[in-house]
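What follows is a set of notes on a single structure, which appears directly below.
The values are calculated or read from the model by the stated rules, or taken from the named source; none is laboratory data. Since this is a predicted model, take the numbers as computed values, not measurements. Because the Cβ atoms are built from the backbone with ideal geometry, glycine has one as well, and the counts that use them run over all protein chains shown. Ligands, DNA and RNA are excluded from the accessible area calculation, which covers all protein heavy atoms including side chains. Shrake-Rupley method; radii C 1.70, N 1.55, O 1.52, S 1.80 Å.
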Amino acid sequence: MTPAQAVGALNPAAFARARFRVWWQKRLPRSDTQTLTQGNVYILPTQAGWMFALTLLVLLLASINYQLNLGYVLTFLLAGSGVVSMHVTHGTLRGLTLHLRPVAPGFAGEPVVLDIVLTSPGTSRFGIGLRLLDAPGATLAWIDVPGGGQATAHVSFVPAVRGLHDVPTLSAETRFPLGLFRAWTVWRPAARHLVYPRPESPAPAPPSTRPIVGGPTRSRHGESGEVEGVRAYRRGDPMKLVAWKKAAQALETGAELVSRDTSVSARQELWLDWAACGPVSPEERLSRLAAWTLVAERAGTDFGLRLPGVDLAPEGGEAQRRRCLEALALWRA
Amino acid sequence: MSALLQRRFPPHWPGWQRLPREARDTLFLLAVIAWTVIPHTPHLPGWTIGLTALVLAWRGLLAVESGSLPSKWVLLAVLTIALGLTYWSYGSLLGKEPGVTLSVVLMGLKTLELRARRDAFVVFFLGFFIILTHFLYSQSLAVAVAMLISIWGLLTALVLAHMPVGQPSLRQASGLAARTALLGAPVMALLFALFPRIGPLWGVPQDGVSTTGLSNSLRMGSITEVARDESVAMRVRFERTRPAQSEMYFRGPVLTRFDGLEWRPLGLPFAPAGVPERLPALTPIGEPIRYEATFEPLRVASVPMLEATSEIEPVEGFRFSRREDLQWLGERPIFERIRIKAEAYPRFLLGTSRRSGEIQESLELPPGFNPRILAWARALHAEPANRGLDATSFSGLVLRHIRDGGYDYTLSPGEYGRNAIDEFWLDRKTGFCEHFASAYVVVMRAAGFPARVVTGYQGSDSEPVDGFFIVRQSSAHAWAEYWQTGKGWIRADPTGAVSPDRIGSSIRLSAEPGLVAGAIAAMSPELVASLRSAWEAANNRWNQWVLNYTRGQQLDALKNLGFASPNWEDLALLLIGTLSTLALSGAAWAWLDRHRVDPWVRQLERLKRALRSLGIAAAPHEAPRTLAARVRERLGEQGEPLAAALDALEKQRYGRAAATRPDAALTRRFAADSRRLRGLLAR
């Protein structure tokens, strides 16, 4: 059941509106850079605008009935200002260029921040609010754009599910200067953004590591083995393991204390396996694997990922973490 | 309220610049509201102003201290009290005065409830409404300027409310507001000039009736108030000759019926619409004086025209007719400024043709009132020397008695009782024009001569301003007429008998000047006089051009535009036409703007078309440099001019000293070269 159908079950008018909206949005071309022109800026009076019109009508009737020429002056001055404010409101958006910076991937359930650069070729523009089209009005991110300059607005939203998604439709609006009219534009960025599965929290401990068998880095003498290298100091390292000479150099350059790495012997590899997740649903498995990926990367071990149809060989570091999370985000049964 | 008392006092003031944004905006709005309400001080009961000041001060304190707003119940309680006080002050909650009072109070209370954007809008719209209510009391230049500042302030506050980012300065916001209003001014001027002026939509707004000016009745004491009112009643401009001040009688209601306390006119106060009244026998003598009079809103149907005005030029939207008693009446009370052009004959005979009953009623005296003056008059008439005198001679006798009988002219005669005329004539002998006029008429009637009271204005300021003589409310006057068989109604001004100064020079009792004004006047009377006349001139222009812009002026303007016989439909059509033209040109501009192509792109497109006609491929995305290379490659020496032009274009557009606009000469040369080349290649 689509959201439109869900709404339609309750209210036919809302259903029609939602359907119209879907149809309307589909017509809009997707682009990461949108220049606002006469063609894509819409404007309508706000509730306050209608109230203003009513006030003007009352003022006009009073002026007519009491034959107040100054009353006419007041009424028409306000009417003129209202008409000008309509053009100013529209002009605040018209000519503006919106550009979406590349979106960093995030986890489901955690906020994703869209950086939107607004460029004004001409005059200063005030009071522009940006939000997701579907978000409530109160979540507007307000921004002023200096004349001939740029400003960056940050709009965040929380994706619910993993996967590669289109960036949601955005809208920019303004009521400047008098709030009698609301001009807005609807913008469908072309960019897509990656959402990793929500890491399970708290997650059960990852499966235990096991030494690499038969690999080139196999340990020779156990605990008393030769020093193979250095690694960052970890809490609990014995004093004698600290490589003091190296540490002194490292500390000078602002790095951390280093310890001798005797763990070659303990060089571990970790298999994050679909099958090891226990009897839970596929999405929950992906969540658990995501949590384990984070743990494994933090622990500094090499880790590999095994999903039905996916097999990533064990490796360490940031790149591996990204590869694994991407695989988890995009996995399909 | 205890929380209020526990607060530090005075509150800590961080300085205007360091005030948090919200507090600053609120204080600014409060200041604007105070400025808007203050001019109402003279019209509203003291408690309204006091309560509003208190509420605004409280709100200001809350803003500075970032305190929380009072609960709904507190507001409701204050509102209830205000409603009670309003009812107590006026005995009603409806009508102009209670309405203004309540909107001022509501405006104040609403500031204590500024939570959402909608609340702010309510304050703004109430503010605009309160500005309008000022014009019910005065439309003077000073009020207009003060209210213009109010509008500016309110618009600034509105703009501030829609600049949610950072801390925009007041100067910036007020600049934006002023720009919006100034750009809107042409729309205002257009609407003001062309919006058809129509009459009141429902009933006559009785609320607007002022306590000064002419009225259709005269009661002892009512003219005292007028005599102290320095405001302008009308402005008169004479075309060539002008009458002497002492001959400037502007004739208002003629009062014949007397019930012992009050004088009233005969018959209908209006000329019935559509019934052409039989013309009275006005016999003009000599040459007429042509003049133009601009009347402030009269609020009665009677129009005080110069005696004796025989004809007036029609005024669009009004119908005036002349009654038999030479009084000019509109078909309804006149609530706007009107300008009338007319002809008057300073010398005339009136009323030799008799209207049945009029003379009879001019003799009636109510029984049971003023017995002593009746006896006095009959005794005078019965004296052997006076027996057989005609009306004119007897009138001369009475006027002589007034001159020699120890009567005094004063503007503060004090209170008179039930038999006011007895008291005045025989005991106290002090009064002003209306006392003299009514006593005179009673004496004449008692002696058997028909007589009546005429009210209106007499005299004007002695020096014209901008060519206009100003007649003030203080020039309101009452005089008398008696019937002389064979001649008709003849004017007699008993006030002139006792106080000749009153006639012709328009004595005014002005209020004591303030300290500063007094000091300036003592040092330099000329300066005061010239300042005053400059102010009067500015005011006069204001009245003539802004306030007097009524239907007549609108239609005159249409005539100047070439309409033969304009009416209000023409006005409406012209207005709609102009607005549609403006809207359409706006739409056309928008269309052009939408289809506007960058001139550089257009130029390059033309060059590419020329290249394609030579058989050289030119893709839309290719730069001039690429094209130049291709031209050299394909055409060699022959194509050099084209390639050079393309290189030049590349420099013009992207080079260090890039041009702002494309070079049209280059385009033309390029087109010519390519045509020549095409000819060569075809050969």
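Structure above, values below:
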{"quantity": "Where a residue in segment B:385-414 is of a type in the set (D, E, K, R) and its partner, wherever it lies, is part of a helix (DSSP H, G or I), with Cβ under 6 Å and at least six apart", "calculated": "B:403/B:497"}
{"quantity": "Residues satisfying the stated conditions in segment B:117-137, i.e. buried (at least 20 other Cβ atoms within 10 Å of the Cβ), more than 10 Å from chain A (Cβ to nearest Cβ) and over 30 Å from residue B:336 (Cβ atoms)", "calculated": "B:123"}
{"quantity": "Residue count, segment B:93-116 (criterion: open to solvent by less than 50 Å² (accessible area, probe 1.4 Å) and either within 13 Å of chain A (Cβ to nearest Cβ) or outside any helix (DSSP H, G or I) (or both))", "calculated": "7"}
{"quantity": "Subset of segment A:57-84 [more than 7 Å from every other protein chain (Cβ to nearest Cβ) and within 46 Å of the chain's Cα centre (by Cα)]", "calculated": "A:82"}
{"quantity": "Lone unmet requirement of (1) farther than 29 Å from residue B:542 by Cα; (2) at pLDDT below 90 for residue B:105", "calculated": "(2)"}
{"quantity": "Pairs where the first residue, in segment B:418-435, is under 17 Å from residue B:258 (Cα atoms) and touching a residue at least 24 places away in the same chain (Cβ under 8 Å) and the second is among the polar types (S, T, N, Q) and part of a strand (DSSP E or B), C-beta under 6 Å, 6+ apart", "calculated": "none"}
{"quantity": "Among (1) within 14 Å of another protein chain (Cβ to nearest Cβ); (2) surrounded by 13 or more Cβ atoms within 10 Å (Cβ to Cβ) - the single one residue B:588 does not satisfy", "calculated": "(2)"}
{"quantity": "Of all residues making up segment A:187-198, the number that are part of a strand (DSSP E or B), open to solvent by 10 Å² or more (accessible area, probe 1.4 Å) and among the aliphatic types (A, V, I, L, M)", "calculated": "1"}
{"quantity": "Matching residues in segment B:582-601 - criterion: being farther than 20 Å from residue A:88 by Cα and without any contact (Cβ under 8 Å) to a residue 12 or more places away in the chain", "calculated": "B:595, B:596, B:597, B:598, B:601"}
{"quantity": "Pairs, first without any contact (Cβ under 8 Å) to a residue 24 or more places away in the chain in segment A:82-104, second of a type in the set (Val, Ile, Thr) and assigned to a helix (DSSP H, G or I), C-beta under 8 Å, six or more apart", "calculated": "A:83/B:187; A:84/B:180; A:84/B:187"}
{"quantity": "Among residues of segment A:121-171, those that are among the hydrophobic types (A, V, I, L, M, F, W, C), open to solvent by 70 Å² or more (accessible area, probe 1.4 Å) and either more than 14 Å from chain B (Cβ to nearest Cβ) or not in a strand (DSSP E or B) (or both), counted", "calculated": "5"}
{"quantity": "In segment B:87-105, the residues that are on the phi > 0 side of the Ramachandran plot and without any contact (Cβ under 8 Å) to a residue 12 or more places away in the chain", "calculated": "B:91"}
{"quantity": "Any hit, segment A:85-92, residues being facing chain B (nearest Cβ under 7 Å) and assigned to a helix (DSSP H, G or I)", "calculated": "yes"}
{"quantity": "Boolean, residue B:140 is over 18 Å from the mean Cα position of the chain (by Cα) and either more than 7 Å from chain A (Cβ to nearest Cβ) or at pLDDT 90 or above (or both)", "calculated": "no"}
{"quantity": "Matching residues in segment A:186-205 - criterion: being within 17 Å of residue A:331 (Cα to Cα) and not charged (D, E, K, R)", "calculated": "A:193, A:194, A:195, A:196, A:197, A:199"}
{"quantity": "Considering residues of segment A:107-120 that are in contact with a strand residue (DSSP E or B) (Cβ under 8 Å, 6 or more places away or on another chain) and not β-branched (Val, Ile, Thr) only, the residue most open to solvent (accessible area, probe 1.4 Å)", "calculated": "A:111"}
{"quantity": "When residues of segment A:281-309 are limited to those that are open to solvent by less than 40 Å² (accessible area, probe 1.4 Å) and among the β-branched types (Val, Ile, Thr), the one nearest to the chain's Cα centre (by Cα)", "calculated": "A:293"}
{"quantity": "Number of positions in segment B:358-403 that are surrounded by fewer than 18 Cβ atoms within 10 Å (Cβ to Cβ), in contact with a strand residue (DSSP E or B) (Cβ under 9 Å, 6 or more places away or on another chain) and closer than 17 Å to residue B:421 by Cβ", "calculated": "4"}
{"quantity": "Filtered residues of segment B:68-92 (kept if in contact with a Leu (Cβ under 7 Å, 6 or more places away or on another chain) and part of a loop (DSSP other than H, G, I, E, B))", "calculated": "B:69, B:70"}
{"quantity": "Members of segment B:616-642 found to be closer than 11 Å to residue B:674 by Cα and small (Gly, Ala, Ser), listed by number", "calculated": "B:639"}
{"quantity": "Any chance residue B:58 is of a type in the set (Phe, Trp, Tyr), within 14 Å of residue B:111 (Cα to Cα), surrounded by fewer than 20 Cβ atoms within 10 Å (Cβ to Cβ) and more than 32 Å from the chain's Cα centre (by Cα)", "calculated": "yes"}
{"quantity": "Single residue of segment B:109-127 satisfying the filter (of a type in the set (Gly, Ala, Ser) and modelled with pLDDT under 90) that is farthest from residue B:32 (Cα to Cα)", "calculated": "B:116"}
{"quantity": "Criterion (part of a helix (DSSP H, G or I) and surrounded by fewer than 22 Cβ atoms within 10 Å (Cβ to Cβ)) met by exactly one of A:79, A:104", "calculated": "A:79"}
{"quantity": "Among the candidates A:44, A:54, residue that is open to solvent by 60 Å² or more (accessible area, probe 1.4 Å), more than 7 Å from chain B (Cβ to nearest Cβ), farther than 21 Å from residue B:185 by Cα and modelled with pLDDT of 90 or more", "calculated": "A:44"}
{"quantity": "Residue match in segment B:206-217 (condition: under 26 Å from residue B:346 (Cα atoms) and modelled with pLDDT under 65)", "calculated": "yes"}
